[in-house]
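Chemist: I have a structure here, written as structure tokens, and I will follow up with some questions on it.
The values are calculated or read from the model by the stated rules, or taken from the named source; none is laboratory data. Just so you know, these numbers come straight off a predicted model, no measurement behind them. Glycine also receives a Cβ, built like all others from the backbone with ideal geometry; neighbour counts cover every protein chain displayed. For accessibility, only protein heavy atoms count, side chains too; no ligands or nucleic acids. Shrake-Rupley method; radii C 1.70, N 1.55, O 1.52, S 1.80 Å.
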Amino acid sequence: MAVCLQVLGLVLGIVSWCLQSSSTSSLKWKVRSQAETVTSSSWQFEGLWMSCAATSLGSVQCSRFKTVLGLPAHLQACRALMIISLILGLASIVVTVLGLKCTKIGRTSEKVKEQIALSGGLLFILSGVFSLIAVSWYAARVINDFYDPFHSGMKFELGTGLFLGWAASGLAILGGSLLCCTCRRSSSTPPARQFSFYSNTSGGQSIYKAAPAFENSSSKSYV
């Protein structure tokens with residue numbers, strides 16, 4: 001059962017990383033609202049890296065943002081968060097593969113492999129949280145500008161890139177949670193050692209001897 005959960009968590013993590021990549025490179029994080037346009041023959045949309053304009057004839061013209069320091073602070077932060085999320089997602093995939101119960105790497109013990117799988121699950125969750133913060137922050141700014149009556153610029157609506165980011169975040173957190181659930185909690189305190197008491201009435205000596213419950217440890221007697 002634990003192996004199936006680990007494999008399922010890894011598959012969800014890989015799918016989430018692919019969706020994160022698609023979301024990061026998507027050109028439609030926000031789309032110009034058609035409510036304020038008279039004709040619907042042209043569309044304008046923006047992503048994290050460039051803005052594009054399309055017409056009904058099928059022509060699309062895109063231009064990269066020419067400056068980095070001149071961009072809004074939330075756009076720069078979303079870029080950084082998505083890149084960090086991709087790096088963490090890739091690292092979590094590698095770590096999780098090394099920690100699967102069905103993989104054999106040298107003489108790694110089961111306890112060490114559980115810790116490796118737990119680390120991979122935590123990295124998946126962290127990757128999902130970073131991408132969730134990025135897309136939610138960007139969406140909040142789009143919604144705020146749309147309903148702001150004092151906003152003089154063009155009004156945009158949510159694009160498909162944001163929905164891809166939300167789906168990727170959910171799958172990453174779910175996959176990481178499954179990996180963390182497969183790691184059982186080990187007891188930190190060893191069981192108390194038991195002793196048996198033997199009395200030698202002839203010599204007047206008392207002997208304390210370890211009980212045979214511990215097969216791996218050698219029994220010692222104290223006189």
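Chemist: Can you name every residue in the stretch 8-21 that is over 13 Å from SER92 (Cβ atoms) and open to solvent by less than 60 Å² (accessible area, probe 1.4 Å)?
Modeler: LEU19, SER21
Chemist: Going through the stretch 100-119 one residue at a time, which ones are in a helix (DSSP H, G or I) and touching a residue at least 60 places away in the same chain (Cβ under 8 Å)?
Modeler: At the first step, the residues of the stretch 100-119 found to be in a helix (DSSP H, G or I) are 110-119.
The answer is LYS111, GLU114, GLN115, ALA117, LEU118.
Chemist: Here's something else I'd like to know. Looking only at the stretch 133-142, count every residue that is surrounded by 13 or more Cβ atoms within 10 Å (Cβ to Cβ) and under 21 Å from GLN44 (Cβ atoms) and tell me the total. Full working, then the answer.
Modeler: To start, the set of residues in the stretch 133-142 that are surrounded by 13 or more Cβ atoms within 10 Å (Cβ to Cβ) comprises 133-139, 141-142.
Going one step further and asking which of them are under 21 Å from GLN44 (Cβ atoms), we end up with 135, 138-139, 141-142.
Total meeting the criteria: 5.
Chemist: So TYR138 ticks every box in (1) at pLDDT below 90; (2) in contact with a His (Cβ under 8 Å, 6 or more places away or on another chain) but one. Which box is left unticked?
Modeler: Failed condition: (1).
Chemist: Check the stretch 74-84 and report whether any residue there is open to solvent by 60 Å² or more (accessible area, probe 1.4 Å) and under 20 Å from GLY175 (Cα atoms). Please lay out each step first, then the result.
Modeler: Going residue by residue through the stretch 74-84, those that are open to solvent by 60 Å² or more (accessible area, probe 1.4 Å) are 76, 83-84.
When the remaining residues are screened for being under 20 Å from GLY175 (Cα atoms), the result is 83-84.
Yes.
Chemist: Count, please, the residues in the stretch 136-183 that happen to be among the aromatic types (Phe, Trp, Tyr) and within 30 Å of VAL7 (Cβ to Cβ). Please lay out each step first, then the result.
Modeler: First, pick out the residues of the stretch 136-183 that are among the aromatic types (Phe, Trp, Tyr): 137-138, 146-147, 150, 156, 163, 166.
Still in the list and also within 30 Å of VAL7 (Cβ to Cβ): 163, 166.
The qualifying residues number 2.
Chemist: Moving on to the next point. Output the residue which, of all residues in the stretch 143-169 that are polar (S, T, N, Q) and open to solvent by 10 Å² or more (accessible area, probe 1.4 Å), is farthest from LEU90 (Cα to Cα). Before you say what the answer is, go through the steps one by one.
Modeler: Taking the stretch 143-169 first, the residues polar (S, T, N, Q) are 144, 152, 160, 169.
Applying the additional criterion that residues be open to solvent by 10 Å² or more (accessible area, probe 1.4 Å) yields 144, 152, 160.
Working: ASN144: 33, SER152: 41, THR160: 23 Å.
So the residue we want is SER152.
Chemist: Which one of CYS102, CYS62 is open to solvent by 60 Å² or more (accessible area, probe 1.4 Å), over 18 Å from the mean Cα position of the chain (by Cα) and under 30 Å from ILE125 (Cα atoms)? Before you say what the answer is, go through the steps one by one.
Modeler: Values: CYS62 fails: under 30 Å from ILE125 (Cα atoms).
On inspection, the qualifying residue turns out to be CYS102.
Chemist: Going through SER51, SER33, SER25 one at a time, which residue ends up being small (Gly, Ala, Ser), touching a Lys or Arg at 6+ places or on another chain (Cβ under 6 Å) and closer than 22 Å to LEU164 by Cβ?
Modeler: Working: SER51 fails: touching a Lys or Arg at 6+ places or on another chain (Cβ under 6 Å); SER25 fails: touching a Lys or Arg at 6+ places or on another chain (Cβ under 6 Å).
Among SER51, SER33, SER25, only SER33 is small (Gly, Ala, Ser), touching a Lys or Arg at 6+ places or on another chain (Cβ under 6 Å) and closer than 22 Å to LEU164 by Cβ.
Chemist: Kindly indicate whether any position in the stretch 125-133 is closer than 24 Å to CYS52 by Cβ and in a helix (DSSP H, G or I).
Modeler: Residues of the stretch 125-133 closer than 24 Å to CYS52 by Cβ: 131.
In the following step, the residues that additionally are in a helix (DSSP H, G or I) were identified as 131.
Yes.
Chemist: Please find, within the stretch 105-132, the residue that is nearest to the chain's Cα centre (by Cα) out of those that are surrounded by 15 or more Cβ atoms within 10 Å (Cβ to Cβ) and among the hydroxyl-bearing types (Ser, Thr, Tyr).
Modeler: So, considering only residues that are surrounded by 15 or more Cβ atoms within 10 Å (Cβ to Cβ) and among the hydroxyl-bearing types (Ser, Thr, Tyr), the one nearest to the chain's Cα centre (by Cα) is SER127.
Chemist: Could you go through the stretch 41-55 and let me know if any residue there is aliphatic (A, V, I, L, M) and open to solvent by 60 Å² or more (accessible area, probe 1.4 Å).
Modeler: First pass over the stretch 41-55, keeping only residues aliphatic (A, V, I, L, M): 48, 50, 53-54.
Filter once more, keeping what is open to solvent by 60 Å² or more (accessible area, probe 1.4 Å): none.
No, the conditions are met nowhere in the stretch 41-55.
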